[in-house]
1. What tally of residues in region 207-236 results from selecting those that are of a type in the set (Ser, Thr, Tyr), in a strand (DSSP E or B) and open to solvent by 80 Å² or more (accessible area, probe 1.4 Å)?
2. Restricting the search to region 152-171, which residues are part of a helix (DSSP H, G or I) and in contact with a helix residue (DSSP H, G or I) (Cβ under 6 Å, 6 or more places away or on another chain)?
3. Please specify each residue of region 280-292 satisfying the condition of being under 11 Å from Ile223 (Cα atoms), open to solvent by 30 Å² or more (accessible area, probe 1.4 Å) and out of contact with any strand residue (DSSP E or B) (no Cβ under 6 Å at 6 or more places or on another chain).
4. Hey, can you tell me all the residues within region 154-167 that are within 25 Å of Lys179 (Cβ to Cβ) and either open to solvent by less than 20 Å² (accessible area, probe 1.4 Å) or of a type in the set (A, V, I, L, M, F, W, C) (or both)?
5. Find the strands (runs of 3 or more DSSP E) located wholly in region 42-114 whose residues include 3 or more that are open to solvent by 40 Å² or more (accessible area, probe 1.4 Å), and list them.
6. Give all pairs with beta carbons closer than 6 Å in which a residue from region 293-319 that is among the aliphatic types (A, V, I, L, M) and open to solvent by less than 60 Å² (accessible area, probe 1.4 Å) meets a residue that is part of a helix (DSSP H, G or I) and at pLDDT 95 or above; count only pairs at least 6 apart in sequence or on separate chains.
7. I'd like the full set of residues that are among the polar types (S, T, N, Q) and either under 20 Å from Phe346 (Cβ atoms) or in contact with a Ser or Thr (Cβ under 7 Å, 6 or more places away or on another chain) (or both), limited to region 67-116.
Amino acid sequence: MRLLVFVFILFLAGCTSKPGSIVGSNGVEKETVQYAKHFRFVEKGSQTVVEILNPDSKAVVATLTPLKENKQVIALSGTFIGMLDKLQLADYISGVSEIKYVDNAIVKKNFSNKKVLEAGYDTQLALEPIVANKPALVLHSGYNADFPHQKQLENVGIACIPIYDWREETPLGKAEWIKVYGFLYGKSDEAGELFASIEKAYLALKEEAKALQPSKLLISGNIIGSEWYTPAGESFFAQLLKDANITYNYYNKPGTGSVALTQEEVLKDNRNAAYWINPGAVSLHDLKIMNPKAVLFDAFTNQQVYCHTHKENFYWEVSSIEPDKLLADLIQIAHPEHAAKQKLYFYARLK
């Protein structure tokens, strides 16, 4: 009888815990993943680990335990820098891809003091300098099935860890990767509290936008080569647009990345769009040179074109961990009559 009661209590604990949560033997919830799809917490014996999951095969491609003596990491993406900095961990970054693409003041200062190396990119790594640097981890984006020099690095005790935040389909899913960094550095409580505050702010803005009338039509992207790239309907950025209650013509386009269209298609669908974001230009003059047909869009004529190019490095480092501020920018751009009159955080209007 006692055994049946014990099993029933365990069943109730499993039913009442949040999706993705780890419940310890004492019934207390330890870790939770609410939005992210490509990592999870797993209890193995008395130890909790993080498993990184391949977004396509769902296979476990890396298992993480907290860092001990050596806490130095090489961060091959600006997103990683932004996440680490949010937890006051930027001093542990000992390598980046290229310093010219870094915004973080601590990392730039440490580079000047020769404490940070330029390690190259996923496809072309500076193997010998990395080995001499002796980091605990090389954090990379996992763009390819095989990471260059992984075996050589692992043979000298340097783990190569893919970070799939860029494959998440929701803004809060991306931001939740802060929990991985908190786990690695023994700052799980701080990471959890930080994420909870981001989630609260984001959801509050989403509710505010939901109460508004859908915005006037917005267009995103620009022509690159012979095709116009704009967010697909199941992408992270399309979710942001939905949450900002923005009218956008391509929500029905399948895919979690970008969709490629002809400029003729885009003109036909969006010539009268009131707003244009993310054209990749620094000014209207620059945009006209990049794309002479830009002048055919009402948004260009009415000077309602917005981009983050005035502080590009800052945007790529910070926007993933501050999706609430990104959402606030989009609401202010597309709902100017309702949004609080404040300075845009990531974006600026092109002049």
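1. Residues in region 207-236 being of a type in the set (Ser, Thr, Tyr), in a strand (DSSP E or B) and open to solvent by 80 Å² or more (accessible area, probe 1.4 Å): 1 in total.
2. Asp165, Pro171
3. Within region 280-292, Met290, Pro292 qualify.
4. Ile158, Ala159, Cys160, Ile161, Pro162, Ile163, Tyr164, Asp165, Trp166, listed by residue number.
5. Because the criterion is at least 3 residues that are open to solvent by 40 Å² or more (accessible area, probe 1.4 Å), the strands (runs of 3 or more DSSP E) in region 42-114 that meet it are 60-64.
6. Pairs that qualify, where the first residue is among the aliphatic types (A, V, I, L, M) and open to solvent by less than 60 Å² (accessible area, probe 1.4 Å) and the partner is part of a helix (DSSP H, G or I) and at pLDDT 95 or above, are Ala294/Leu287; Ala294/Lys288; Ala294/Phe300; Val305/Ala299; Val318/Gly82.
7. Passing the criteria: Gln72, Ser77, Thr79, Asn104.
The values are calculated or read from the model by the stated rules, or taken from the named source; none is laboratory data. Note that the coordinates shown come from a computational prediction; the quantities given were computed from them, not determined experimentally. Positions of Cβ are generated from backbone atoms using ideal geometry, with glycine treated the same way; all protein chains shown enter the neighbour counts. All accessible areas refer to the heavy atoms of the entire protein, side chains included, with ligands and DNA or RNA removed. Shrake-Rupley method; radii C 1.70, N 1.55, O 1.52, S 1.80 Å.
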